[in-house]
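The values are calculated or read from the model by the stated rules, or taken from the named source; none is laboratory data. Owing to the predicted nature of the structure, the values given are computational and were not obtained by experimental measurement. Cβ sites come from the backbone with ideal geometry, for glycine too, and all protein chains shown count toward neighbours.
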């Protein structure tokens with residue numbers, strides 16, 4: 001009742017603003033892209049614990065892909081998972097012999113993702129080492145070729161059944177993570193976190209790994225290296241993106257995808273990054289390489305505003321931010337996004353309540369995008385309001401999905417916006433329309449939609465909210 005009363009009052013309130021969205025169901029644009037993929041996945045139960053976890057939500061969200069970077073940093077996955085140093089613990093061993101490998105817990109973890117109907121996006125490398133004083137497994141390999149051969153056999157284990165393995169047909173294999181994280185300030189010499197080596201050492205390593213794996217598996221997608229981005233608010237990609245790509249072109253290194261990371265509070269920065277990355281790929285001969293933003297989340301600042309940022313990740317603002325980021329990247333050259341992170345109970349997981357593992361605001365943004373992706377084809381939708389965004393999709397059966405978001409960066413903005421949604425070419429909504437809202441008061445809750453006599457809809461949009469319309 002409160003929702004209905006509030007909604008009716010807002011329609012008459014003088015402080016409310018009016019806006020218009022037009023959706024053209026008969027004007028297809030292209031496929032709804034993979035904007036709601038994630039890093040990692042649900043908790044795995046141990047023998048002593050009965051725990052429902054988030055597997056059901058994982059399936060329902062239709063995330064498509066799960067990147068397994070940093071999985072070794074989470075005890076419920078088993079800790080001894082994924083990383084090369086864990087699967088192949090003694091580098092002096094023969095990489096061609098099954099007994100040199102320990103696949104036990106990684107098998108269990110990979111199976112949990114695949115069994116949920118989600119494809120593994122496999123990061124070949126190491127978990128970030130944030131601890132000071134001593135580093136363990138982020139140094140350049142003693143033998144780059146041998147490291148590549150180890151990765152080759154990991155792929156054969158999961159795709160070809162080698163060493164009592166599987167036939168998952170995992171397509172995406174990413175080499176390393178954020179090698180450039182400390183290259184700007186030479187911190188890599190004293191306190192590295194991802195790559196304890198120079199840029200030149202990484203170029204040599206990356207060349208050997210990519211060429212070897214692509215030679216072994218020409219039909220798989222081999223790429224990387226998940227380059228870190230700039231601080232929030234900086235709209236220019238790091239110079240290392242171009243330096244790496246130019247060097248790989250010079251060395252004739254094939255690249256099926258280029259992965260990059262950035263954490264932001266302004267989703268329009270992703271737009272700038274997306275176009276710059278695409279331009280660099282094209283410039284250096286990688287026109288067919290896919291562009292993946294495969295780590296992202298809400299961050300206002302890594303310094304003074306970091307506590308605020310972490311709190312905001314689990315708030316209505318983050319839900320609207322996630323929506324806006326996916327919607328903007330749908331219109332950009334970004335081919336896939338991977339939210340960081342699904343890992344239950346961790347600081348950057350803004351998808352679930354950390355105590356109950358029940359979904360919160362950002363999960364429902366990921367879920368709503370999954371519904372658009374199920375419909376399949378993006379159709380034309382226009383909106384004239386700067387902080388309101390719309391993405392629409394149509395299924396083969398004619399069903400229509402419309403995602404409308406309102407993300408505001410300024411916490412002081414409180415005014416409601418009333419938005420008119422109309423169908424193009426004289427088409428009309430009717431009583432079949434359904435609407436779910438997520439805002440400060442509700443999380444993906446169906447509420448009575450204001451269907452107008454002329455066949456349009458009126459939506460009430462609080463700051464930092466989104467609505468999913470089905471028709």
Does residue 449 fit the bill of being surrounded by fewer than 23 Cβ atoms within 10 Å (Cβ to Cβ), out of contact with any strand residue (DSSP E or B) (no Cβ under 6 Å at 6 or more places or on another chain) and outside the structural domain of residue 117 (by TED's automatic domain parsing)? no
Candidate set: region 14-50, residues that are surrounded by fewer than 14 Cβ atoms within 10 Å (Cβ to Cβ) and over 25 Å from residue 423 (Cα atoms); chosen: the one modelled with the lowest pLDDT: 14
The one condition residue 79 fails out of (1) at pLDDT 95 or above; (2) within 25 Å of the chain's Cα centre (by Cα); (3) part of a loop (DSSP other than H, G, I, E, B) is (1)
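Name the residue, out of 86, 29, 113, that is touching a strand residue (DSSP E or B) at 6+ places or on another chain (Cβ under 6 Å) and in a helix (DSSP H, G or I).
Working: 86 fails: touching a strand residue (DSSP E or B) at 6+ places or on another chain (Cβ under 6 Å); 29 fails: in a helix (DSSP H, G or I).
Unique residue meeting the criteria: 113.
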Of the conditions (1) free of Cβ contacts under 8 Å to residues at least 40 places away in the same chain; (2) over 27 Å from residue 62 (Cα atoms), residue 105 clears all except one; give me its number. (2)
If I filter region 330-350 for residues that are without any contact (Cβ under 8 Å) to a residue 40 or more places away in the chain and either in contact with a strand residue (DSSP E or B) (Cβ under 6 Å, 6 or more places away or on another chain) or buried (at least 20 other Cβ atoms within 10 Å of the Cβ) (or both), do I get at least one hit? yes
Every residue from region 251-281 that is assigned to a helix (DSSP H, G or I) and in contact with a strand residue (DSSP E or B) (Cβ under 9 Å, 6 or more places away or on another chain): 270, 273, 274, 277, 278, 280, 281
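Test residue 270 against the criterion of being assigned by TED's automatic domain parsing to the domain that holds residue 179 and either buried (at least 18 other Cβ atoms within 10 Å of the Cβ) or closer than 17 Å to residue 335 by Cβ (or both), and give yes or no.
Values: assigned by TED's automatic domain parsing to the domain that holds residue 179: yes; either buried (at least 18 other Cβ atoms within 10 Å of the Cβ) or closer than 17 Å to residue 335 by Cβ (or both): yes.
The answer is yes for residue 270.
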Determine which single condition residue 167 fails, assuming it passes every other condition in (1) within 26 Å of the chain's Cα centre (by Cα); (2) at pLDDT below 95; (3) surrounded by fewer than 16 Cβ atoms within 10 Å (Cβ to Cβ). (2)
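Run down 421, 341, 390, 416 and say which single residue is within 30 Å of residue 278 (Cα to Cα) and either in contact with a helix residue (DSSP H, G or I) (Cβ under 6 Å, 6 or more places away or on another chain) or not assigned by TED's automatic domain parsing to the domain that holds residue 293 (or both). Even if it seems obvious, please write down each step before you answer.
Details: 421 fails: within 30 Å of residue 278 (Cα to Cα); 341 fails: either in contact with a helix residue (DSSP H, G or I) (Cβ under 6 Å, 6 or more places away or on another chain) or not assigned by TED's automatic domain parsing to the domain that holds residue 293 (or both); 416 fails: within 30 Å of residue 278 (Cα to Cα).
Result: 390 is the single residue among 421, 341, 390, 416 that is within 30 Å of residue 278 (Cα to Cα) and either in contact with a helix residue (DSSP H, G or I) (Cβ under 6 Å, 6 or more places away or on another chain) or not assigned by TED's automatic domain parsing to the domain that holds residue 293 (or both).
Considering every residue within region 445-461, establish whether at least one is part of a loop (DSSP other than H, G, I, E, B) and within 22 Å of residue 328 (Cα to Cα).
no
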